[in-house]
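Here the structure is laid out as structure tokens; the discussion comes afterwards.
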Amino acid sequence: MVASGTGTQLAIGCEDGSVKIFQVVPGGIQFERNLDRRKGRVLCLSWHRSGTHIVAGSIDFFRVIDVASGQTVQRIMVNHQVEKAKRECVVWAIALLSSGTVVSADSFGRVQFWDWEQGTLAESHTVSTSAALSLAVSEKEDSIVVGTSTGATYQLQLLPVKLGGLEKCWVRTKPFQFHSHDVRAVAHSSTALISGGLDAQLVIRPLMEKVQKKGYDAVLRKFTFPHRRLVSCARKARLLLFQFSQYLELWRLGSTEETGKDGEVLPPCRMPEHLVQLKSKGPEHIYCSCVSPCGTWVGYSTASRFQLYRVRCDGDGVSLRKVPKVPKLLPPAYQLQFSADSESLFVASARGSVHVFQLLEPGGCKHLHTLQPPSGCSEAVYLLAPSADGHWLAAVSGDWAIHIYNLKCFQHHCVVPAYSCAVSALAIHPSTNNLVIAYSDQQLFEFSIPEKQYTSWSRAVQSRGLHRTWLERDSPITHITFNPKNPAHILLHDTYLLCILDKSLPLPDDSTLLMNQSTLKQLPETARKRQLHAFKICKKFQPLLFMDLLDENCLVVVERPIMDFKTQLPLAVQQKKFGT
Amino acid sequence: NRREDTVSSYASGGSCWTLRRNSSQKEWYLLCASGDFVKVYSVNTEETLRLMGGHADLVTGIQLNPHNHMQLYSSSLDGTIKLWDFMDGIPIKVSSLGFYLHLHFYPLSGPHSSVLLLVSDRFFFLWSDTFQLVSVKLTKGAGQDLESKELSVVLDGVGASVKHIAFGREGAYVVSVKDVTLQVYFFKRKLLNRFSLSTVKTKGGDNRFSCVVCHPTEDCIATGHADGKIRLWRNFHHRKEYTYSTLHWHHDIVMDLAFSVEGTRLLSGGVESVLVQWHNESSCQKDFLPRLGSPIEYISMSSDGALCCTLHTDNRITIINSNLRFSRSIQGLIKSRDVKTGLVVDPRTKALVLNGEPGHLQFYSLQSDQQLFSLDIVQRQYIHQAGLKQSDLVKVAFSAQGTWLATVEESEEVTDPELQLKLWFYSEETQSFTLNTRINTPHDNHITDMCFRDMDELGDDSLILVTTGRDCVFKVWVMVEDTDPEGKSAHESVSWSCDFVGSYHNYQATNCCFSEDGSLLAVSFEETVTVWDSLTWDLKCTFCHPPGNIRNICFGRLTCSKYLIGATDYGFLCCWNLLTCALEWSAHLNIVVLQPDPLSEHIAAVSWLSKESSLFVFKPNEPRPLYIQRNLCKEKILLAAFVPRDEPETISSEKYLWLRKSQLFFLTDTQELMTLSTKSLEERLTPSSKQLAVEESLPVTPFSLLLGKHRHQQAQEDTDLGKPVVHNKQEQASPAVKELLHTPAHVLPSASFLCTIFINSLLISKENKSAEEVADEVEMESEKADGDSDEEDVTVMEQEDTSPMELLGEMTCKLSKSQEKELRKIRKMDYSWIAAF
């Protein structure tokens, strides 16, 4: 399925060899017509920039279809020059350049450039011994990125044959091997090559020659986990809800009665217990989920449906009952959040709106109110943070604006001053009602909701600047929580570290060591005092998916070892490695 | 000294180029820098056609003249550039650039027609490893010798090797690589771009550049790297948006790269000794030519692309067809990693025998400078990889007739040498050696020496082989008849087995040798030389000269057969009399090589002292050496061999009489094979090379005839008088004439101005005495001639030390030249005034 350059039409290739055109209308799509149908499944499509032609790749051939007439104007066999090969040649990816050149990537590992009007092959580059699976063209059409089934991506560039000359040719330039499995999707931004593969990694490889200055963009980024919350915790009930792509799992945490020193592993007196697995119906992935702090409500949402369940623990048995007559939402939730007293549910929705549901005993739910920013918003809300006293709710929409609503009177309270970066996590302090915000550029802000302004600590942080090592970190803060015992403590975590930010201590400057916990341990008590700074960082748990404070003495940390899911991956393409 | 320089793969700038002369003759020439010479090979016959000498130091680069493919530029460490007509081996032009110590150069075609670019270390003394690329305008002057002063620095900090600089398409830019930096300089835009790779060595990667070449038609630079990668750079006129792609097959350093003439193929070579051909970079396709014998050092393409040649580290040139088929190879002396076998002379072919390819024995013909054949001794596949311990040949011995060959091979493992002793019989039918006996682990430790009993008259039955080992024994091996009568020929029915094991106080046996008549065997055990009766194997007597272990021993020959000579590592050369069992004489000399001449009594000894090797030739019965050559060469001489001459040479100089029957060859630690020549350098060089091409090409005009006649007469005069032709005089006179002849008529100054110069040049200078005067001063003249030739001798022979040899404790009776002159003066003095008293 590919949208045309103007975004008004959608072309869909089908297994039966037909290409269907849909008109994009406000609020949906409308079938327009069928283009010329030929035998052979359509595997890939590409629009010409002007929208006049579509090229469709199939097995052993691709064809160029004139959109206006719907007729196939050219059909080119891609493997006619490979005589010995009786194997079929699958055109996995195709692109139609504005110059009229068709670029095809096929299962023989070739990237071929065709002049479709003449039906001739202009250039052929064998980039890999295994299949070339995906293809993306840069905006200027002078660079192509190809993903292969060995996990390697290649860049092809249109370069002048002679310096300053007009004659140009495509040259395979940079190979990158960041994946272990098939690279199923590639994208070409103006400054980076982006690839995603079967090994569950998203890699952004910057093109150093296009990056103007050193910064966040100039560094290779690898993402294994989404930068969003996949685990939710019922503090009072000590339950954890894990969100998987097709199901949810509810676990009861184990506990121990023993105490020990730092570094010791205590024997649990009660083992963690898998309470229930909740499978979502249909092929849709679960988009978001949440468990209420009391542990009796579980909600999740897929792309089309929102579901709410009532959990009852009676003795050893756990019963799960679907809450009937949940108000239908279209589109369904982008984020779910229960209030601290578990009496209401906040559902983040499209156009900046937040629905407030009242949860009713024994198992019901009622739509109470819809909060909306006063100025209106086109983007959906993706993060929610209710206050512990049930007074405030902070909502972040896709335009990165943070709206704060008063829940007592269901009114818009204020907007946090705009910042030029995405919000990665936010939380409201239970005692001071200060909103702590973490941005994707690693900046931290503290906003006083009652006073509608940044706190003095936040201003101090901004004027002084955060530590360089902190700012150069790779992954954004995904969760913020607070220590009820010490209001000066803010607990933050990202995929690689867990940090206790102590506001009462001085901020570190660039000359001091940011991660100084291990050195502090070796120092005597008096010297340690002088070395202390606000950031207390622990890197013991990696990759870290979730961290929350259950009560004053208990912290739950969810770690997901990479090997756990690497072993579940299918076997990679066998490659002979020299020297093995 | 004549340097039998091997093809200069060891030299830093050796490079070779092929070209075709013309289509009608279909003849190919391969030009190759080799030591101080440029060699011209015929590709068809693999013969050395010409040896162009004249450089006084190592030739660092050669390059065809882009305007005339019959001409060749060569550069040398002596600071000169010469333009040669290589078809005739004549130097056309000499440009001296005095202060350059090291240079490679590239004549540029196109707009920079007369500009040469050189790599120089002009500031060598300031920054020890800074080389610059300098462009020099060569003036199109008339004379043969040019001084080029117009210099401009193009690039700083370039690599010293010829492989580190390349010129782009049509000479538009120059590329230089050094360490991890690539520099491109565009001549027209005067733009310098510098690209650096990461110095961090990750995952076995090593980004240092090893070589660079440019695509002939496209703007593409190919660079080889230390980790075996090849990078193809494009868009390098952008400082930021440059890009490169990578080809990777080699597992170790890429030694050289070459593009085909059209640029569609790229050839690469390295230590794997595989030539890799990369087809156009878009496909992963590549072809291989494996098993080339030894690591590839240089790759060169012929100008029409039909041939390619690779130069290997073992001093061999392989010529390869364009379809990547092995065509032929030119090989002189194969340079082996380590000559462990020593220099041995094959009695049958008079060829020099030593280590060749790994595990092979090479038979090198000195007369033809060619390898006769290579005998595979180890018979195992050699793997070209650093750090791998593999078996190699360490000892070789021939029987007197050359019918038997004994070889010892051992693996490089120190603890477990895996020794094998092999005995080979020369089969007349197959004209090669066939393996007769193989003895596994003949000794428990390394074998130190091995010799046959040389008894020509007694035939094969008396043949005995003695091996000495570090396991403190020497073993005697004899032939035994096989009891099984199945064997067809006599030699197939014999095999070798151990007959006697001797030892002496459990010392390690280090050397062994038989006396000339074969009756005595001398074996050295550390500090002691033991002499054994070869019939009964009784210990006859022992000699020692403490302190110091015995390094070499040998028996005297012919009239001196009663002497045993030994050299100790404590710096003594001793001569013992076998009849009196006493030390005859000894000398304090640090002898490293002791080599007896098989055809005479002479023994050559080479000493190594404070970075110079000296040669002493002596007879054992006279403690005074016959011949001393101090400072033979700067390198350490490791091995020497006397090679019998086919027929005794007539040698006029008394000094060299000992070289009459055989010739002495040396091998230095840099694996240069050298010999002592009785002739001077001038004599050896072909006379034509001394003549000037310009003179040859003079049009036949009445003027030139006149000039010719004049010259002829002068030469005639000289020869009539028995004087050596002194070239200097002609050369002094010629520039004026040459100037006159070369300058176009329309720019010549007026004839009246030139007249005096011309006439002066024709005048016989005052040094040339008239015939009458000559007769009067015959004595003086002859003295002068003597002096002249002596001078020549000195230049050729290098500094001859005329001072008496204090070390030997004897005074040479020969008077020095100055003393002789002094004496003559005294004789000629008028003593008539005494009569008055």
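Values computed for the structure shown
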| quantity | calculated |
| --- | --- |
| B:Pro347 being in contact with a Gly (Cβ under 7 Å, 6 or more places away or on another chain) and of a type outside the set (Ser, Thr, Tyr) | yes |
| Identity of the residue in region A:460-489, closer than 20 Å to A:Cys233 by Cβ and not in a loop (DSSP other than H, G, I, E, B), that ends up farthest from the chain's Cα centre (by Cα) | A:His489 |
| From A:Gly17, A:Gly13, residue being farther than 24 Å from A:Gln118 by Cβ, crowded, with 16+ Cβ neighbours inside 10 Å and in contact with a Ser or Thr (Cβ under 8 Å, 6 or more places away or on another chain) | A:Gly17 |
| Residues located in region B:186-217, provided they are over 37 Å from the mean Cα position of the chain (by Cα), aromatic (Phe, Trp, Tyr) and part of a strand (DSSP E or B) | B:Phe186, B:Phe195 |
| Failed condition for B:Leu535, given (1) modelled with pLDDT of 85 or more; (2) under 30 Å from B:Pro347 (Cα atoms); (3) not in a strand (DSSP E or B) | (1) |
| Filtered residues of region A:507-529 (kept if over 15 Å from A:Thr469 (Cα atoms) and in a loop (DSSP other than H, G, I, E, B)) | A:Leu523, A:Pro524 |
| The one condition in (1) under 30 Å from B:Asp346 (Cβ atoms); (2) over 31 Å from the mean Cα position of the chain (by Cα); (3) in a loop (DSSP other than H, G, I, E, B) that B:Cys575 fails to fulfil | (3) |
| Number of the condition not met by B:Ser273 [criteria: (1) buried (at least 21 other Cβ atoms within 10 Å of the Cβ); (2) at positive phi; (3) within 14 Å of chain A (Cβ to nearest Cβ)] | (3) |
| Considering residues of region A:151-174 that are touching a residue at least 24 places away in the same chain (Cβ under 8 Å) and of a type outside the set (A, V, I, L, M) only, the residue farthest from the other protein chains (Cβ to nearest Cβ) | A:Gly151 |
| When residues of region A:376-402 are limited to those that are within 17 Å of A:Phe445 (Cα to Cα) and part of a loop (DSSP other than H, G, I, E, B), the one farthest from the chain's Cα centre (by Cα) | A:Ser387 |
| Hits in region A:368-419 - residues which are of a type in the set (S, T, N, Q) and surrounded by fewer than 17 Cβ atoms within 10 Å (Cβ to Cβ) | A:Thr370, A:Ser375, A:Ser378, A:Asn406, A:Gln411 |
| Residue in region B:229-247 that is more than 10 Å from chain A (Cβ to nearest Cβ), over 28 Å from the mean Cα position of the chain (by Cα) and part of a loop (DSSP other than H, G, I, E, B) present | no |
| When residues of region B:218-228 are limited to those that are outside any strand (DSSP E or B) and more than 8 Å from every other protein chain (Cβ to nearest Cβ), the one surrounded by the most Cβ atoms within 10 Å (Cβ to Cβ) | B:Cys220 |
| B:Asp304 surrounded by fewer than 23 Cβ atoms within 10 Å (Cβ to Cβ), more than 13 Å from chain A (Cβ to nearest Cβ) and over 30 Å from B:Tyr382 (Cα atoms) | yes |
| Spans of strands (runs of 3 or more DSSP E) in region B:265-365 with at least 3 residues in contact (Cβ under 8 Å) with a residue 12 or more places away in the chain and touching a Cys at 6+ places or on another chain (Cβ under 6 Å) | B:316-321 |
| Every pair of residues 6+ apart whose Cβ atoms lie under 7 Å, when the first sits in region A:5-30 and is farther than 30 Å from A:Asp60 by Cα while the second is exposed (fewer than 13 other Cβ atoms within 10 Å of the Cβ) | A:Val24/A:Gly7; A:Val24/A:Thr8 |
| Qualifying residue in region A:98-108 (condition: surrounded by 13 or more Cβ atoms within 10 Å (Cβ to Cβ), within 14 Å of chain B (Cβ to nearest Cβ), modelled with pLDDT under 90 and closer than 30 Å to A:His181 by Cβ) | yes |
| Among the candidates A:Ser190, A:Ser138, A:Ser130, residue that is surrounded by fewer than 23 Cβ atoms within 10 Å (Cβ to Cβ), within 21 Å of the chain's Cα centre (by Cα), more than 21 Å from A:Pro226 (Cβ to Cβ) and within 14 Å of another protein chain (Cβ to nearest Cβ) | A:Ser190 |
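Yes/no matrix, rows are residues, columns are (1) out of contact with any helix residue (DSSP H, G or I) (no Cβ under 6 Å at 6 or more places or on another chain); (2) surrounded by 14 or more Cβ atoms within 10 Å (Cβ to Cβ); (3) at pLDDT below 90:
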{"position": "A:Tyr216", "(1), (2), (3)": "yes, yes, yes"}
{"position": "A:Lys236", "(1), (2), (3)": "yes, yes, yes"}
{"position": "A:Leu250", "(1), (2), (3)": "yes, yes, no"}
{"position": "A:Glu257", "(1), (2), (3)": "yes, no, yes"}
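The values are calculated or read from the model by the stated rules, or taken from the named source; none is laboratory data. No experiment lies behind these values; they were computed from the predicted model shown. Cβ atoms come from the backbone with ideal geometry, glycine included; neighbour counts cover every protein chain shown.
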